[in-house]
Amino acid sequence: MSSHFILTLSCPDRIGIVHAVSGFLSQRLANIVDSQQFSDPDSARFFMRVEFELDTGVNADELSVAFHTIAQSYDMEWNLADRAHRPRVLIMASKQGHCLNDLLYRFRIGALHGEVAAVVSNHPDWEELVESHEVDFHHIPVTSESKEESEEELLNLVDSYDIDVVVLARYMQIISPRLCDKLPGRIINIHHSFLPSFKGARPYHQAHARGVKLIGATCHYVTADLDEGPIIDQEVARVNHTATPEGLTAAGRDLESTCLARGLAAHLDHRILLNGHKTVVFG
């Protein structure tokens with residue numbers, strides 16, 4: 001039986017990178033099933049994602065040790081993932097449950113590669129829904145006085161469940177810089193795409209009052225800069241003067257659910273590489 005791996009890398013752009021990677025794989029009789037690369041003239045960096053199969057019993061750790069010399073010679077930031085590993089996901093939600101419900105369903109039918117290990121909410125509303133999917137539910141209330149304690153409890157859950165990525169599925173609490181530093185590149189968020197306009201509550205009602213003609217959603221990595229982390233994916237829809245605030249809100253829910261699922265899928269499939277404040281997302 002063959003093993004399936006995904007190698008992702010970025011490094012300063014120079015001649016010979018593809019040759020070095022393909023040569024390394026060829027020497028080990030690897031079968032490349034997908035290869036994509038991108039050279040960014042602005043950052044002068046090269047990005048690459050390679051999926052390959054090996055018939056030998058070599059594991060990811062052994063391959064990583066062997067690849068280290070090449071990576072070092074090209075000053076690469078890189079990762080080698082075994083496709084057999086199913087990433088463990090922790091979803092966080094508040095009172096709006098559309099993204100949570102959508103993700104639970106997609107994981108349940110196998111549309112997303114991984115498994116939901118637990119769901120955390122600052123409200124108890126979704127406990128029955130979550131447990132119907134045979135997923136652990138944790139209610140962690142958050143107040144201004146308990147925020148630090150609540151985040152510590154969350155980090156304990158991340159460790160105990162061996163979580164790979166945290167998804168904020170319309171989780172309506174600000175993530176502290178401390179938590180961002182603890183989980184760099186491992187927290188994904190979704191919000192409407194009006195920002196920096198229409199901040200706060202009822203953004204679609206605010207948008208309706210201004211007569212917007214385009215609504216959308218943005219999926220991004222969470223950083224200490226509120227809602228300004230590297231963008232993973234975006235989704236938009238045109239609307240017209242007949243749209244009501246309720247209609248805009250309903251359309252927005254669909255856009256947010258679709259955008260978050262697509263962004264999370266790209267992360268779980270190791271298709272995203274950071275490029276400064278931007279991302280390279282291979283299709």
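The values are calculated or read from the model by the stated rules, or taken from the named source; none is laboratory data. If you're wondering where the values come from, they're calculated on a predicted model, not measured in any experiment. In this analysis, Cβ positions are derived from the backbone assuming ideal geometry, glycine residues included, and neighbour counts consider all displayed protein chains.
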- Task: Take the range 161-197 and flag every residue that is among the basic types (Lys, Arg) and surrounded by fewer than 19 Cβ atoms within 10 Å (Cβ to Cβ).
- Result: 178, 182, 186
- Residue list for the range 254-270, restricted to those being in contact with a strand residue (DSSP E or B) (Cβ under 6 Å, 6 or more places away or on another chain), surrounded by fewer than 20 Cβ atoms within 10 Å (Cβ to Cβ) and among the charged types (D, E, K, R): 262
- What's the number of the condition residue 134 fails, among (1) in contact with a helix residue (DSSP H, G or I) (Cβ under 7 Å, 6 or more places away or on another chain); (2) surrounded by fewer than 18 Cβ atoms within 10 Å (Cβ to Cβ); (3) on the phi > 0 side of the Ramachandran plot? (1)
- Message: Here is a list: 216, 211, 200. Which entry is buried (at least 16 other Cβ atoms within 10 Å of the Cβ) and outside any helix (DSSP H, G or I)?
- Response: 216
- If you go through the range 97-108 one residue at a time, do you hit one that is at pLDDT 95 or above, part of a loop (DSSP other than H, G, I, E, B) and on the phi < 0 side of the Ramachandran plot? yes
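Give, as residue ranges, the strands (runs of 3 or more DSSP E) completely inside the range 1-93 that count at least 3 residues that are under 28 Å from the mean Cα position of the chain (by Cα) and farther than 30 Å from residue 257 by Cβ. Steps first, please.
Working: elements: 3-12, 31-40, 45-54, 77-82, 88-93.
Of the strands (runs of 3 or more DSSP E) lying wholly inside the range 1-93, those with at least 3 residues that are under 28 Å from the mean Cα position of the chain (by Cα) and farther than 30 Å from residue 257 by Cβ span 3-12, 31-40, 45-54, 77-82.
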- Determine the pairs where a residue that is farther than 12 Å from residue 211 by Cβ, located within the range 225-250, has a partner that is at pLDDT 95 or above and part of a loop (DSSP other than H, G, I, E, B) with Cβ atoms under 6 Å apart, the partner being 6 or more residues away or on another chain. 229/222
